[in-house]
Amino acid sequence: MFKAKHPHVELSEKQLKHVLVVMGILILLLSEPFLFSYTQSFDDYSITQQMSTNCELASSIRYVDVNISEAKQMIESNPNLVILDVRTQEEYDSGHIENAVLIPVDDLAGRIGELDKEKEILVYCKAGGRSVIASELLIANGFKAVYNMLGGIRAWMIVGYWIEIVHKGDLVIGETQTFVIENCTYLQTGSVTVESSATLVIRNAKLLINMTQEWERSVRIQNNAILTVERSEIVGSQYFPVYASGTSTVNVFNSRIPFCSVPCEDESKVHVVNSSIYYVPCYDQSEISVVNSTLNDMLVSDSSEVYVGSSEVEQIVPEWSNTSMSVTNLNEGYVEYWNNHINLTVFDNQNFNLTFRDSKIYKWSLRFADGNHVLIANSTLGFVLCSGKENSVEFQNVRITSLDLCDFQGTLSTEKVFVTEAVRMEGSEFLMLGNLSFSEETQIIVWTSSNVTRNYNIIARNASDVPMINVKLTVFDENNTVIWNGVTDSLGKTSFNLTFADGNYTDILRLEAVKENRSASTTIDFLSFTPIVLKMRYFADLNGDGTINIVDIFIVAKAFGTKEGNPNYNPIADLDGNKEINIVDLYKIAKDYGKTV
């Protein structure tokens, strides 16, 4: 026993022993983490730690956390990276990273042998919880390169990274609803229906339509509904149609829809810009515009309205009644038939109108139904076939490689038309207005069973280019038989038609003009350029310079002694018209020598 110097509590020996015991227990408790193992629960996963007394970890291998940006970079840079989705099948179908392998976390332990331990593995789930469990399990089973994607697929989608969605069964967008497919590959099994007044938007996406049954092979856009495809691609496992009906609208911008037809009917509208589509048929007063795009086929009928600008169209088939079509800046393409229906007479007198302007068309074949009007202006064409009854075809400033007029009946109007290789007439009967210009290599290679009426315009003028009225005009054939005659009108003009057939289309004809003591003469044939301008001269002023001089004597002297048919024969030097250049013709020149007309 002892007493403290201050009034504190006095401790007995027994109490002191108790204090020492308590202190010992505390020391033992504080040192427990270094002596024992324990398990700590954290959310939906557990972490087991084993510590040694010397504070050294039993193993240094651990998974690595990466954010979504780092994960995306890994996917893009490493084609051998294994992407492991540990969610459920339903979650996986609703949206996953492309090429991801699905093994739900609850199945991972039993299926871990499906994964290659030597490859890097990126693990993700919905938000990041289950991926930690999976990553720890992989590390525990000897995987050495495991990466856990923080934030999961939810964070991935928030920033708009590409995903893949699987939808099994029909996709139906209900009335007035808007459904958006964006930044993804959308795997659709079954048909797609956009009901009345609904909207389907496919933006920056790839829609893969896997149709296994015949009745599934369609995408239907109903009355007042809208389908907009922008910067996207739609691909089917087989050829499939996108039906636009009622007053629906289909917009395709900067997209690609190969092996797909887009039938539009019932006043529907289709707009295609900077895109590629396989086939677009138009019915029932529908409207279609195609700009800067590529189409394989286009069918136009039933009062449809079509505009094609700066595009490549392989085949356009216009048919039936009251269809209006405007085509501009068309790029090179090929068309086998303009109207490929077996029985063309079904479409008689349907008044179809077609216009091409500023177009470049390589090797097109134009085959018309009956009763149509076609204008092609400022264009370059390859092979052109014109056929059909009661048609009006007009070419303005057009260059054609080969012109084939087969079974063509109607009117052919030409202005500044140049044919570089060949013209063929077979079974045709039509009126030709205007001119065809040929290169030196161009020739009429076939003329069979054809009657072509050529229109010639005549202008008669005096030496001062003043129109001359009442000039008598006569056309003689090669047998000197008169086949036409007429006079000029008050403007010094007139016109006439000559019909050429199989036996006379190569004939050289003579046109003579006479008024008082002035005359003119020229040769004409089937391809003569019109209008034919006749410079009327005083009968002895052979060169038309207004004076009877040595030049006129030279013209007669050069042809002197020749008759009609001789290469040197000159009809203008035959002043007495006896088909022979002789002393009488020289006398007529000499008689008026030195005279000014």
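Does K389 satisfy the condition of being in a strand (DSSP E or B), at pLDDT 80 or above and crowded, with 17+ Cβ neighbours inside 10 Å?
Details: in a strand (DSSP E or B): yes; at pLDDT 80 or above: yes; crowded, with 17+ Cβ neighbours inside 10 Å: yes.
For K389, the condition - in a strand (DSSP E or B), at pLDDT 80 or above and crowded, with 17+ Cβ neighbours inside 10 Å - is met.
Could you check the range 154-181 and list, in sequence order, the residues that are surrounded by 12 or more Cβ atoms within 10 Å (Cβ to Cβ), in contact with a helix residue (DSSP H, G or I) (Cβ under 8 Å, 6 or more places away or on another chain) and not in a loop (DSSP other than H, G, I, E, B)?
A155, W156, I163, I165, V166, H167, listed by residue number.
What number of residues within the range 85-102 satisfy the criterion of being over 13 Å from K168 (Cα atoms) and either touching a Cys at 6+ places or on another chain (Cβ under 6 Å) or not in a loop (DSSP other than H, G, I, E, B) (or both)?
7
Testing E580 on (1) within 20 Å of D477 (Cβ to Cβ); (2) over 58 Å from the mean Cα position of the chain (by Cα); (3) surrounded by fewer than 16 Cβ atoms within 10 Å (Cβ to Cβ); (4) at pLDDT 85 or above, one condition comes back false. Which one is that?
(3)
Being under 10 Å from the mean Cα position of the chain (by Cα) and surrounded by 18 or more Cβ atoms within 10 Å (Cβ to Cβ) is the filter; apply it to the range 265-275 and report the residue that is nearest to E312 (Cα to Cα). Before the answer, list the steps.
Within the range 265-275, the subset under 10 Å from the mean Cα position of the chain (by Cα) is 272-275.
Filter again for surrounded by 18 or more Cβ atoms within 10 Å (Cβ to Cβ), leaving 272, 275.
Values: V272: 12, S275: 11 Å.
Only one residue tops the list, namely S275.
Just to be sure I understand, how many residues within the range 196-215 are surrounded by fewer than 18 Cβ atoms within 10 Å (Cβ to Cβ), part of a loop (DSSP other than H, G, I, E, B) and modelled with pLDDT of 80 or more?
Residues flagged as surrounded by fewer than 18 Cβ atoms within 10 Å (Cβ to Cβ), part of a loop (DSSP other than H, G, I, E, B) and modelled with pLDDT of 80 or more within the range 196-215 amount to 3.
Would you confirm, using the coordinates I've provided, whether I572 is in contact with a Leu (Cβ under 7 Å, 6 or more places away or on another chain), closer than 30 Å to L436 by Cβ and outside any loop (DSSP other than H, G, I, E, B)?
Yes: the conditions hold for I572.
Does I234 fit the bill of being closer than 17 Å to V194 by Cα and at pLDDT 85 or above? It would help to see each step written out before you state the result.
Details: closer than 17 Å to V194 by Cα: yes; at pLDDT 85 or above: yes.
It is true that I234 is closer than 17 Å to V194 by Cα and at pLDDT 85 or above.
Kindly indicate the residue of the range 471-489 that is closer than 14 Å to A520 by Cα and in a loop (DSSP other than H, G, I, E, B) and also farthest from the chain's Cα centre (by Cα) among those meeting that condition.
Of everything passing the filter in the range 471-489, V471 is farthest from the chain's Cα centre (by Cα).
What pairs can you find where one residue is in the range 107-132 and within 19 Å of E91 (Cβ to Cβ) and without any contact (Cβ under 8 Å) to a residue 60 or more places away in the chain, the other is among the basic types (K, R) and outside any helix (DSSP H, G or I), and their Cβ atoms are less than 7 Å apart, with a gap of 6+ or different chains?
Within 7 Å, the pairs are C125/R87; K126/R87.
Taking the stated definitions as given, is E233 of a type in the set (D, E, K, R), under 19 Å from the mean Cα position of the chain (by Cα) and farther than 29 Å from W162 by Cβ?
no
Can you give me the number of residues within the range 247-277 that are in a loop (DSSP other than H, G, I, E, B) and closer than 15 Å to L200 by Cβ?
Residues flagged as in a loop (DSSP other than H, G, I, E, B) and closer than 15 Å to L200 by Cβ within the range 247-277 amount to 4.
The values are calculated or read from the model by the stated rules, or taken from the named source; none is laboratory data. On a predicted model such as this, the values are computed, not experimentally measured, just so you know. Don't worry about glycine lacking a Cβ; one is built from the backbone with ideal geometry, like all the others, and counts go over all protein chains shown.
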